[in-house]
Each structure stands twice: as structure tokens, then as C-alpha cells.
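Accompanying notes for the structure given below.
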Amino acid sequence: MPRNEGVRFTSSSLRVPLSPPPPPHHHHRHHLPLFSNLQFTSQTLIASTQSSIDQFLKKIQKNPRKLHKPQNIQTLIASSLARTQFAIDQFVKNFKKTHKRFQHSRYLSKSSLLCSASLALTKPDESAVVAQPKGGGSEERVLISEVFVRNKDGEELERKDLENEALAALKACRPNSALTVREVQEDVHRIISSGYFCSCMPVAVDTRDGIRLVFQVEPNQEFQGLVCEGANVLPAKFIEDSFRDGYGKVINIRRLDEVIDSINGWYMEQGLFGLVSGVEILSGGIIRLQVSEAEVNNISIRFLDRKTGEPTVGKTKPETILRQLTTKKGQVYSMLQGKRDVDTVLTMGIMEDVSIVPQPAGDTGKVDLTMNVVERVSGGFSAGGGISSGITSGPLSGLIGSFAYSHRNVFGRNQKLNVSLERGQIDSIFRINYTDPWIEGDDKRTSRSIMIQNSRTPGTLVHGNQPDNSSLTIGRVTAGLEFSRPFRPKWSGTTGLIFQHAGARDDRGNPIIKDFYSSPLTASGNTHDDTLLAKFESVYTGSGDPGSSMFVFNMEQGLPVLPEWLFFNRVNARARKGLDIGPARFLLSLSGGHVVGNFSPHEAFAIGGTNSVRGYEEGAVGAGRSYVVGSGEIAFPLSGPVEGALFADYGTDLGSGPTVPGDPAGARLKPGSGYGYGFGVRVDSPLGPLRLEYAFNDKKAGRFHFGVGHRN
């Protein structure tokens, strides 16, 4: 049987670029798979083989060779190739368009990747002319008697598992089947797509039994090592774990694609601008992985007008905003970190809206960040109201009104000035407070607060219920300097010096030193006590929600700088723990304190009232040097913003009432300990939760309690 000499299938390789990460933008979160645009071109013929095909066709037509039945194989091949000429031309056009699109795409990377295969029919050492198809119709078929998979030298593969992978990938090419060129091309594509081979060349061999189709494949190298470049924040262990299973095995492109997807997924989970931008298989089975991480090149602040949204001149100094950001130049940009920075700037209280817009920094591979901010009105007047805890003659008689002027952004440095006046039937407080939330030059976020206050509060908590129905008030003039800063996550600390000048006055405003029971109202015996306090306070907050865990420890030390100044030590602690039980929330709170030394009687710990033991009037349980108050509460939703609550409280002075100078609690026959229980409702409001509660004490007496804000 005559052989089909010189007729063979050949392949050519094509390097396809990777898709690098999209241009960085705060809203772009879509991941571009590494091989999403990689298409193996074995489906059609590439343009560079057209000339040789046409030459081969013309030579066959000039020198026909007979083939015993049923027809001349050259005619069959020529007819098949002529009928596929139109598909070839269409592929060439599409390939050029695709290639041009790759060159101009903004996602184009310069790094090259792996080989793919394309298919052609060639005969060596022939000149070319173009053959035109003479008519339409489907491609004619060539009968294939045998199908084998061999290495590129035509020999059997050393590894049978790879041969089986290639054979399993075939769909159309089976022994004793009639095939078209396109079907052969598609099976070449399937072999390459299996991921184990870097090239595949189909070769047709004429034998006595018919045409034998041999797929000459070149397996990928065995994985022996990894070189990863540009991964500055990607953990080395993550890379090692991703590639560990493939060590010593033939590199599979599909598996490599999955690994790269996992690396890109890690960057997405961390909110980082990073992506695998290139991969290459080097000699010796070394995989070279190129990672692109977008570092922050520059950060700028842009002020926008509140009404028009157009850029404008801001009042805040840009460095005041920039120092709040944890994102710094040279870091890999993190969207999660950027969101936290936005939240931090909003908590300054001087911005109405904040957003971050990342933009490419030219061709550097870095990113420029622009923070758009809309400033709030810096200063203004306000008015409000509240409830005084020192009024015991009725739930509404303690109403107070307030008027204040505040400036949120003094000197454009986020410094706060607040001047306020609160006035009630008896209460009055005038306060000036100036706060710098972050002292310039400090890297620990230390704040400074200067306070001056003149207050007058009822003395009924400790010295109330006088038989002659007379009342007394405690006047205090206070000035202090405090410093605060966070020192651990969820922990903050405050320290400072406070001077206080305090004394008692009767209902006519005259200074007094004793109450109706002849109990002293001052520790020094003078009309006023002077105290210089060194203060320390530590606060732990859980999630910040009112129902979350909280712990506060406070210590004050009186410093006797002058002989008549008071010398004492006072400690106080409060703890709270919340627990969700289905739709309900269980809240347990505990507080306690103790005083050692010479202190003013009106500074004793008062027990009883809305924020202590409910069911009693304010301070009606007792007043002592020591105290403990515990409370349990279950809150449950009722309708919309309305909640219901069941509660129980207990408080005791631990028998310390008589140790207070003059024993004011004993003179008023206060029990020293007691409990209360009841129910209530809470309604959310702009002023905070409005609490209306009704409680019974251990003497079976009932009492309403009304409060604004969360219970201390």
C-alpha cells in the first residue's frame, strides 16, 4: 500500500500574557482569574501556516498519486483542506483582532506564560500557492485505524499515567473512526487542556492497516522548586502550604491555576491590593511566581463643599486628618484598613462624610489615595434637658434645662471647646471644658482636657430628710487638668490633677457647717473643704454597646499640700456583663468602693435610687465609707424601639455608715442595706433611652423611677 509520505501534523507555540490586577479603586473588588483569558489555540490554524498549506495543496494537484479504493487520499485531504480554508481565514482575522485587543487592553501584562498548541498540515521542502475552496459543504473525513500517544521523539512515554491522561482527554479521535481536521484540532486542545503537557503534535502515519494518528506530546517538568518575587506581605507559610502537595510531581496547569486563585483569594480576604501577575516554568522544574502588590505612593486630602460637592478650601489642617490614618506611604494598600481609617476620621466629630478613592500612580505599579472629606459646621448653640438624680420629692420635679455653645474644630486642629449651663429647681452647673483629642507631637494618641466648673447640687443624698423641711445644697468650684490615652486594645487610662473647693449652704444661701442633727458638713470644721486630688482611672469596654462587657476602676488620692487640705484615698470600681439569651438580653452589674482617711461627709457613698437600688429614694438605703451594689436585669423586645425589662437590685454599706463623720445615715434611721425589684419599659430617643420603671423595696413600698440614658 503506498505511503502518505511527507504528510504530517505539526504544532506551533504561542505565548499568552497574564492578566495583571485591575487599576486600583476603592470600589473594585472583582478578582480576575489568572487564566480567565488564556485560550489554547489548537482549535484552528494560525496565519503563519497558511502559505505552506496552500503550497502543499497545489503540489498534490499537479502530481496526483493513486490510492487503492475507495478514493485518492490526496484528493480527500485536498478537498478537506480546501473546505476549511474559509474557517482558516476567519480564525486569522479573529486572532489578529484578539492579539490587538491583548496589546491595547489595560489588563495587559508584559510577563509571558506557558505554551499552547495550534495545528496545521505541512509537507517539508515545498513551495506555496494559495488554494481557493471550490464550493461549500461540510469537511470531509479521513478514516483513522489506530490512535497512539507518544513522546516528541515518537517513542512510548516513560510514565503510563501521563499516557492514560492524554488518552482519556480524547473525545473524537478513536480507532476506526473517520475524522476531520477540526476534530483532530479539538482533541489536541483537550490534551493540552488536561494541564499535564506543554505541547502536542498530531502526526498521521500511513500503514498497511490504514492511517495511524500519533499524538506526540511533551509533558511538563516535575515540580522541584519555587521562586516567588514581589510578595512582601503574603505569608511564606501560605505559599509553601499551597505548593507542598505538588512537589516532585508533574506540573499540572489546572492545579497551578487553582493555587494562584487561592493566593489571589488570600489578598481579597485580607482586603489587600495584590495579585499574581506572572508565572513561568523554568528549566529544572522551577516555578517562578511574580506577585504585584500595590503600595501606597501618596495620600492627599480633598475638601468638598457640603452643598455642591465641588472641591473647596477646608478649615481643618490636612496634617490633623493625616495623623489619624493608620495607612502610610510604602504600605500595601488594604481596603479593610482604609475602611477603618474612614471610621476613625468620622469619629473625630468634625466631618459629615468621608471616603477614600485609590488611583494608579502612573506606571509605577503603586497607588495614590485621595481622601474626600465634607466638613460639618464647626460651632453652634444647643439646648436640651434631663433629670437630676438628687431630687427626691417626685419623679418629674428634678427636671433640668441646659444651654451650651460648642466649637468642634478650634484652630482647625480638631480641638474642642464647650461652654455649658445647666439649671434646675435646685441644681445648677456652669462648665467650661477645652479638649485636645491628640496632643501634637505625641505618638500614643494622648488627649488633654482642661476643665473649670462651678456647681450647686442638692445635699439630700447624704443629709436629706431634715425634720424642719429645710434644704441644703453643696457648692463646688472645681478646676482640673487630665490626660487620657489608650494603652491596650479596648483599654484606656486617665490621670490628672483636680482642685476642689466645696461647702454647704442653707436654702437662703448662707454657709453652714452642721445639719439639723448637728452632723458636721465639712471635714475641716470650716465652711469649706479644700482638696487637691490626684486621679487615676482605667476603663475596659467590650464592643462599646451598652449591653456589652465593661469594667471601670477609679482611684483618687487627696494630697495635703497645705495643712488644712484633706488627705484621703478613695477607690471605686464598676463591672458589667451582658449575655444574649435568644431575643432577650441578661445584664449583670456590680459596683463597690471604699474610702480611707479624712474626707467630707457629703462625699460618702450614697446607696439607693434610680441608678442604685430601685424602690428606694435617692440615698435612702444608706451612706457609708464602703458600699456594694449588685443588679440583675432581663430586657426583651416589645414593639419597635420599645423594650420591656424585669430587674432586681441589692445594696449595702457593709456596716460602714457609723464611720462617716457625724453618722448622717444613722441619724436619719437609714437601714444600711436593702433590695428592690420591679419592671419597666425603655424607648429609644434622640436623648438616649428613656427609662420608666416601677419598683418595690423590701418594705413593700412601691416607687416610680424615670431616667434618661443607660443605667450606670
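Read-outs: derived from the displayed coordinates by stated rules, not from any lab. All values reported here derive from a predicted model rather than from experimental measurement. Note that we place each Cβ from the backbone using ideal geometry, even for glycine, and neighbour counts take in every protein chain shown.
Through the Karplus equation 6.51 cos²θ - 1.76 cosθ + 1.60, θ set to phi - 60°, convert the phi angles of the stretch 646-660 into ³J(HN,Hα) values in whole Hz; use x for Gly and Pro.
With coefficients 6.51, -1.76 and 1.60, one gets 10, 8, 8, 10, 8, x, 8, 8, 6, x, 8, x, x, 7, 6 Hz.
Based on the alpha-carbon set only, what is the convex hull volume of the stretch 283-338 divided per residue, in Å³?
Spread over its residues, the Cα hull of the stretch 283-338 gives 139 Å³ apiece.
What are the ³J(HN,Hα) values, in whole Hz, obtained from phi via the Karplus relation 6.51 cos²θ - 1.76 cosθ + 1.60 with θ = phi - 60°, for each residue of the stretch 451-467 in sequence order, with x given for Gly and Pro?
3J(HN,Hα) across the stretch 451-467, in whole Hz: 9, 10, 9, 10, 10, 9, 10, x, x, 6, 4, 10, 10, x, 6, 7, x.
Enumerate the aspartates and glutamates that Lys490 could reach by cross-link, defined here as Cα to Cα under 19 Å, with residues fewer than 8 away along the same chain left out.
Reachable aspartates and glutamates: Asp341, Asp343, Asp443, Glu537, Asp545.
Step through the table entries Lys160/Lys249; Lys670/Lys699; Lys329/Lys416; Lys329/Lys366, compare each Cα-Cα distance with 19 Å, and write down the pairs that go over it. Walk me through the numbers before you get to the answer.
Numbers: Lys160/Lys249 14 Å; Lys670/Lys699 12 Å; Lys329/Lys416 29 Å; Lys329/Lys366 10 Å.
Going by Cα-Cα distance, Lys329/Lys416 fall outside the 19 Å limit.
Report ³J(HN,Hα) in whole Hz for each residue of the stretch 563-578, in order, from the Karplus equation J = 6.51 cos²θ - 1.76 cosθ + 1.60 where θ = phi - 60°; Gly and Pro get x.
x, 7, 6, 6, 10, 7, 9, 10, 10, 8, 9, 9, 9, 8, 9, x
Count the net charge of all other residues whose Cβ sits under 9 Å from the Cβ of Phe303, scoring Lys and Arg as +1 and Asp and Glu as -1. Show your work: numbers first, answer last.
On the way: positive: Arg302, Lys315; negative: Asp305, Glu375.
Combined, the nearby Lys, Arg, Asp and Glu give 0.
What is the set of long-range amide H partners of Thr446 at a cut-off below 5 Å, with H atoms built 1.01 Å from backbone N?
Placed amide hydrogens put Ile439 under 5 Å from Thr446.
Past 28 Å, Cα to Cα: identify those pairs from Lys315/Lys339; Lys237/Lys444; Lys307/Lys328, in the order given. Walk me through the intermediate numbers first.
Values: Lys315/Lys339 23 Å; Lys237/Lys444 33 Å; Lys307/Lys328 31 Å.
From Lys315/Lys339; Lys237/Lys444; Lys307/Lys328, over 28 Å: Lys237/Lys444; Lys307/Lys328.
In terms of modelled amide H atoms, which long-range or inter-chain residues lie less than 5 Å from the amide H of Leu399?
Ser388
Check which residues have an amide H placed less than 5 Å from Val621's amide H, if you skip close sequence neighbours.
The answer is Ile607, Gly608.
Percent antiparallel among DSSP beta bridges with both residues in the stretch 296-375, to the nearest 5? Display every interim value, and only then the final one.
Numbers: 11 of 18 bridges.
Of the beta bridges lying entirely in the stretch 296-375, close to 60 percent run antiparallel.
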